1. Checking the conditions here, which among B:231, B:215, B:198 is over 19 Å from the mean Cα position of the chain (by Cα), at negative phi and surrounded by 14 or more Cβ atoms within 10 Å (Cβ to Cβ)?
2. Test residue A:44 against the criterion of being within 16 Å of DNA strand D (Cβ to nearest atom), within 29 Å of residue A:151 (Cα to Cα), surrounded by 17 or more Cβ atoms within 10 Å (Cβ to Cβ) and not assigned by TED's automatic domain parsing to the domain that holds residue A:135, and give yes or no.
3. Just to be sure I understand, how many residues within the range A:14-33 are surrounded by 14 or more Cβ atoms within 10 Å (Cβ to Cβ), within 13 Å of DNA strand D (Cβ to nearest atom) and closer than 20 Å to residue A:56 by Cα?
4. Select from the range A:238-254 the residues that are within 19 Å of the chain's Cα centre (by Cα) and farther than 21 Å from residue A:131 by Cα and list them in ascending order.
5. Answer with yes or no whether residue B:134 is surrounded by fewer than 22 Cβ atoms within 10 Å (Cβ to Cβ) and either closer than 20 Å to residue B:215 by Cα or not assigned by TED's automatic domain parsing to the domain that holds residue B:184 (or both).
6. Quick check on the range A:166-179. Is at least one of its residues within 16 Å of the chain's Cα centre (by Cα) and part of a helix (DSSP H, G or I)?
7. Return the total of residues in the range A:174-192 being free of Cβ contacts under 8 Å to residues at least 40 places away in the same chain, surrounded by 15 or more Cβ atoms within 10 Å (Cβ to Cβ) and farther than 23 Å from residue A:239 by Cα.
8. Among (1) within 7 Å of chain A (Cβ to nearest Cβ); (2) closer than 30 Å to residue B:221 by Cα, where does residue B:70 come up short?
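The values are calculated or read from the model by the stated rules, or taken from the named source; none is laboratory data. Worth saying up front: this structure is predicted, and the values here are computed from it rather than measured. When we count neighbours, we look across all protein chains shown, and the Cβ atoms used for this are built from the backbone with ideal geometry, even at glycine.
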DNA sequence: ACGGTCTGTTTCCCATATAGAAACGGGATA
DNA sequence: TATCCCGTTTCTATATGGGAAACAGACCGT
């Protein structure tokens, strides 16, 4: 199904960059014929998956894609199980709670409940984040398949994101090891300056973490003391979700 | 682009029904060859747009579709403009605020901010709702292209949804006319028993409403008096958003 | 255990839809 | 008004996707 696959490669660009995209730039970037890109995009448009700005003629994500994507949440067991516990966690801590998963070395927040202590709106559900710049990524590697970390370091490296992003492989391995030992990881302004996060793993009975549960805070608020204070509530919530997901036990906190 | 279009028809089923779908049932429902459906679905799967349950072998929405869909919100001007005002509205009223649009006679909630007075989780962002069973649909028809109502009544009718859904065409026309006169509409348990909503139009400078702003409440709370009490805040918020969207004036409230 | 009957997947081949090159048309810019 | 750039359309050879049927594997009730 070559035609469909290449059409999806085009669509992927809209998943990665959230900005209007034109035929020519997509054709160049992907090395596909302009005429072909145009036909693919107009078909997506005619079916509601893309929307074409009538003035600029550029394309952006359409309503059907939106409706489809939201069914991920609705049909997803993880989401159904996590939401109620997350709400409690947010009430208790005041911070925003977020559940994240990893695919192909990218982390994505699948579910968030906003807290009172509001960060800025730029960390958002549904955005792909680099694996090495998020607390969720560190935890997922610490509790993921053992060769995954090596593989990612080799194929992706540790690209610069912000001034605080870890770009040294030794250091990153240490951070992941510590996460495995302690059962949590922190990132401080490594994805987005001013925004920090604290994450713990979620298990479903399989040996590896399926997701993480995290709290997002303004960077200046997430001191080590505050992290210590938040950790028990976070772990309690993670245990609750994990047990409901089918895990026999939750190995951290009590 | 026939192949892609038919692949998207298959994908549409996942946008409409949020449940695992199998090859055979899709092939039958859409009148497409089983082998073809299988190839299409596996291609979507290989590209992350669908996920295949390893046990049941059925397919459901995948992470890439989720990421793509969320970019609708991120790249959408309506969302960016509305969110801050919605947060204030929720703080003021306690109810959940929601922005909805219509496409092809179906209403979809594109954005919601949860309130303290919590309804149940079954009204959800990203789900298609019938035009006649929501306050948003009534408002969008009242302030939409004039022939749209006739067209929808002729082609779609007023199917039964709940015991309270309006199924009489005269009555529905009256409700829409009243919405046009008053600048708001209400639905009480017409989509989902126990859940009511109050909606007003949003304008962007074009003659027709582009979206609605609504408040979702538990049905027993949305008395006529409560609606009267909520309306000024709702209209103030709608005016704020409309002006920022490019409307010259907002014709209701003050 | 064992057919029978559901799944989802693979194979095969021919008709046809598709990718590609180039031409077209329409806005913007100068 | 002429030039540029962009999205769309045209045209044709060829690769490719769609259809029929065979395959494989899980599940069922004997």
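1. B:231
2. The answer is no for residue A:44.
3. Adding up the residues that qualify gives 6.
4. A:241, A:242 - these are the residues of the range A:238-254 that are within 19 Å of the chain's Cα centre (by Cα) and farther than 21 Å from residue A:131 by Cα.
5. Judged against the criteria, residue B:134 is not a match.
6. No - not one qualifying residue is present in the range A:166-179.
7. Of the residues in that region, 2 qualify.
8. Status for residue B:70: all satisfied but (2).
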